[in-house]
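This report refers to the structure that appears directly beneath it.
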Amino acid sequence: QVQLAEFGGDSVQPGGSLRLSCVFSGSMFRIYPMAWYRQAPGNQRELVARINNGDVTHYADSVKGRFTISRDNAKNTVYLQMNSLKPEDTDDYYCNVPNSVYWGQGTQVTVSS
């Protein structure tokens, strides 16, 4: 059984940075691709970034050059480093194992002056 738990959401000013963490509980973390999604109330959940088990990454156009996804297989953790944050980055952020039913509970990011 896989469980995902996100950490690191906070309120920051525009231009600030945050690092989100997602801890994977279960076995064989290293073989799974991992992804971060975000969702605002009333909106569809959208892919932010994805990393496969070979560290190949993919980003939404809206975050390219500002966000970095990475993973530490020794810690069963995937990270999302978010720099140059904008008010439009305000959302609940979710960790996911692609093509699975496994989702975390979400962590809230608010970017506001």
(message) Could you tell me how many of the residues in segment 17-28 are surrounded by 15 or more Cβ atoms within 10 Å (Cβ to Cβ) and either at pLDDT below 95 or among the small types (Gly, Ala, Ser) (or both)?
(response) 1
(request) Give me the pairs, please: first residue somewhere in segment 82-103 and open to solvent by less than 10 Å² (accessible area, probe 1.4 Å), second residue anywhere and among the hydroxyl-bearing types (Ser, Thr, Tyr) and part of a loop (DSSP other than H, G, I, E, B), beta-carbon distance under 9 Å, and either six or more positions apart or on two chains. (result) 82/17; 85/17; 89/62; 95/102; 96/102; 97/32
(request) Considering only segment 10-26, state which residues are free of Cβ contacts under 8 Å to residues at least 60 places away in the same chain and in a loop (DSSP other than H, G, I, E, B). (result) 26
(message) Regarding segment 32-53, can at least one residue be identified that is within 14 Å of residue 105 (Cβ to Cβ), open to solvent by 60 Å² or more (accessible area, probe 1.4 Å) and among the basic types (Lys, Arg)?
(response) yes
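So is residue 64 assigned to a loop (DSSP other than H, G, I, E, B) and either of a type in the set (A, V, I, L, M) or over 23 Å from residue 25 (Cβ atoms) (or both) or not? Walk me through how you get there before you give the answer.
Numbers: assigned to a loop (DSSP other than H, G, I, E, B): yes; either of a type in the set (A, V, I, L, M) or over 23 Å from residue 25 (Cβ atoms) (or both): yes.
Criteria met by residue 64.
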(request) Could you please find all residues in segment 1-10 being open to solvent by less than 80 Å² (accessible area, probe 1.4 Å) and either charged (D, E, K, R) or under 20 Å from residue 112 (Cβ atoms) (or both)? (result) 6, 8, 9
(request) Would you be able to tell me the number of residues in segment 42-57 that are more than 12 Å from the chain's Cα centre (by Cα) and not in a loop (DSSP other than H, G, I, E, B)? (result) 1
(request) Tell me which of these residue 70 doesn't satisfy, since it passes every other one: (1) assigned to a strand (DSSP E or B); (2) loosely packed, with under 14 Cβ neighbours inside 10 Å. (result) (2)
(message) Just the residues that are at negative phi, touching a helix residue (DSSP H, G or I) at 6+ places or on another chain (Cβ under 9 Å) and part of a loop (DSSP other than H, G, I, E, B), please, taken from segment 76-113.
(response) 112, 113
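The values are calculated or read from the model by the stated rules, or taken from the named source; none is laboratory data. Keep in mind that this is a model prediction, so the values were computed, not measured. Counting neighbours? That spans all protein chains shown, and the Cβs are built from the backbone with ideal geometry, glycine included. For accessibility, only protein heavy atoms count, side chains too; no ligands or nucleic acids. Shrake-Rupley method; radii C 1.70, N 1.55, O 1.52, S 1.80 Å.
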